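Shown next, in structure tokens, is the structure this report addresses.
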Amino acid sequence: MREWSELGDCARLVNTNSVEPRDYQINITRSVFTGRNTLVILPTGLGKTLIAVFAIANALTNGKRALILAPTKPLSEQHHKSLESLLNIDKEGILLLTGSIGAKQRKELVKSAKVIAATPQTISNDLKAGRLSLEDFGVVIFDECHKAAGKYAYTYIAEECGLNGVQLIGLTASPGSKKEKVDALIKALNIQNIEIRMSSDPDVERYVFGKEITTIHVDKNMHIDTVLGQLRPVITEHLENLYKYGLSPFKNFERMPKGRLLEIGDNIKKLQAKNYKFMALFNYVYVLDLMHAYDLAATEGLYPFVSYIENLRNREQKSRVVLNILNNKNVIAAEWSARQALEAGGEHPKMFKVVEMIGSRYRGKSVIIFAQYRSTIKKLVDVLNKNGISAGAFVGKKEGVTNVHQAQVIQDFRENKFKVLVATSIGEEGLDIPSVDVVIFYEPVASEIRNIQRKGRAGRIRYGEVMILVTKGTKDETYHMIAKMKEKKMHDLVLRIKKQLEYSSLGSGRNVLEDGQRRLA
């Protein structure tokens, strides 16, 4: 059996009494100790934080300070708690730094801190203002480092690490599947070494609990078909107008990828002729808004569809095209049909499938349902509670939701005050949500990053199940296929880049050796 002591003197600074040494954690940590800027790619729930803690302990042992960054305040607070519990150092030396602390106070606090947990924007601001310097830091950890792109604060802090000779470690469950995106991430963080593990890798496999992933295909019902049938000719009419003027390569909107639709909008913005541009924008916004309404009805439900139409109606300022949509006889008929169905107890078959699965197969088990839209979550929570299944909503900070409220929801879920957590994407990334028995995707997501993070919520400490609901004949099917392809593509891509970095490193070493031999000759 492996021992934490293999990691040297720094192990005494880490409280590992209740933590089993895992092969992959020791192997990755030893690689990190070489001092190279390292990208660590590890599935959600397999202990990236402990690797970060050992990297911090190593910096402290070498007389340096350390910094761990996370993109949100709740995640930074979570890291702060982990550091207090895992590091065997004076708790006063561990600082939580966020924008809620005044700039002058931050400047004083950082002077005595040995380890800092912070949000990137706060650190970026303090570096630029001269309130903080990285010159005496040994390591900076970038959690959820796939966000290091463009003008995001991570990229500036990474540059400062380079200028001050500070080791940088990026942590993520997925860096993405597009080569240009991964290349940009590696460039932004100046990555020299990649440590990637999948659940099937030899040094990981024995620590991973089983996880069964099942796709459940659901048919649309007559209520959904009625609404879609009323919207379809309106969308088709306006898309054909764009096609007729050479602005769209598609006449059938149901086969058009969302990315191509957005490209049409970008091209229209570049038009110079005002009357032509106005006509194009009118038809484009018609298609854009009603395609969204159509997809809501097809893949989410009648309530989300009605809520979207209500949101259009409640806008304080409505454009001419929005007014036209609201007065369109087909749209009016579609909304009326949806409301009539809802009053009669109708909804999307997915809603009933969720109630059926949890009520029979998963009653008493802990479940997370991921859904894309707040209106869907509101309806799901309502339907589940009405059917005797205790459920709570976990959403972002819009509409008055605070960090305190979010923390209370998670605490109630952890204490089994309700068994089903219905969450938006905020539940996918980083937050300390307990492991669950079952994860349900109310809809597939085309993002491989979000797909991996959602699935990672199940099977952390015991066998888990993942259920993915797919509505037949809708974009659900396309997104489900894309996510699977992207996940495989990501793994293959990162392995190729890892080999390139290793080859480049060997090449650099060979050049140094050859230069030395020439000087000796």
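Values in this text are rule-based calculations from the coordinates and carry no lab data. Keep in mind that this is a model prediction, so the values were computed, not measured. Cβ placement follows ideal geometry from the backbone for every residue including glycine, while neighbour counts extend to all protein chains displayed.
Straight Cα distances below 19 angstrom link residue 350 to the aspartates and glutamates 219, 225, 295, 300, 382, 443, 465, 476, 477, with same-chain residues fewer than 8 positions distant left out.
Extension gain for residue 314-residue 412 works out to 31.9 nm (0.36 nm per residue, less the C-alpha to C-alpha distance). 3J(HN,Hα) along segment 162-169, derived from phi through the Karplus expression 6.51 cos²θ - 1.76 cosθ + 1.60 where θ = phi - 60°, amounts to x, 5, 9, x, 9, 5, 10, 10 Hz, with x in place of Gly and Pro.
Relative to the longest principal axis of the Cα atoms of the chain, the long axis of helix 258-269 lies at roughly 80 degrees.
Each residue of segment 357-371 was assigned a 3J(HN,Hα) from its phi angle through the Karplus curve 6.51 cos²θ - 1.76 cosθ + 1.60 (θ = phi - 60°); the sequence is 5, 6, x, 9, 7, 10, 4, x, 8, 7, 9, 10, 9, 9, 9 Hz, with glycine and proline shown as x. Kirkwood hydrodynamic radius of the chain, from the reciprocal of the average inverse Cα-Cα distance over all distinct pairs: 25.7 Å. The residue list 51, 271, 410 was ranked by how far each Cα lies along the charge dipole of the chain toward its positive end, using unit charges on Cβ atoms, and 271 comes out on top.
Peptide packing: for 309-320, 336-347, 132-143, the average count of neighbouring Cβ atoms within 10 Å per residue gives the ranking 132-143, 336-347, 309-320, highest mean first.
The charge dipole of the chain, taken about its Cα centre with unit charges on the Cβ of Lys, Arg, Asp and Glu (plus for the first two, minus for the last two), comes to roughly 920 debye.
For the chain, what does -39500 (n - 2.57) per DSSP helix run (n ≥ 4), summed and divided by total residues, give at 222 nm, in deg cm²/dmol to the nearest 500? Using -39500 (n - 2.57) per qualifying helix, the result is -16000 deg cm²/dmol.
Of the peptides 183-193, 167-177, 274-284, the order by per-residue mean of other Cβ atoms within 10 Å, starting with the highest, comes out as 167-177, 183-193, 274-284. Short-range pairs are left out: with C-alpha atoms under 8 Å and at least six residues apart, the relative contact order of the chain is 16 percent. Straight-distance candidates among the aspartates and glutamates for linking to residue 81, with alpha-carbon spacing under 12 Å and chain neighbours fewer than 8 residues away dropped: 432. Multiplying the residue separation of residue 282 and residue 179 by 0.36 nm and removing their Cα-Cα distance gives an extension gain of 33.5 nm. Taking Cα centre as origin and charging only the Cβ of basic (Lys, Arg, +1) and acidic (Asp, Glu, -1) residues, the dipole magnitude of segment 222-343 rounds to 620 debye.
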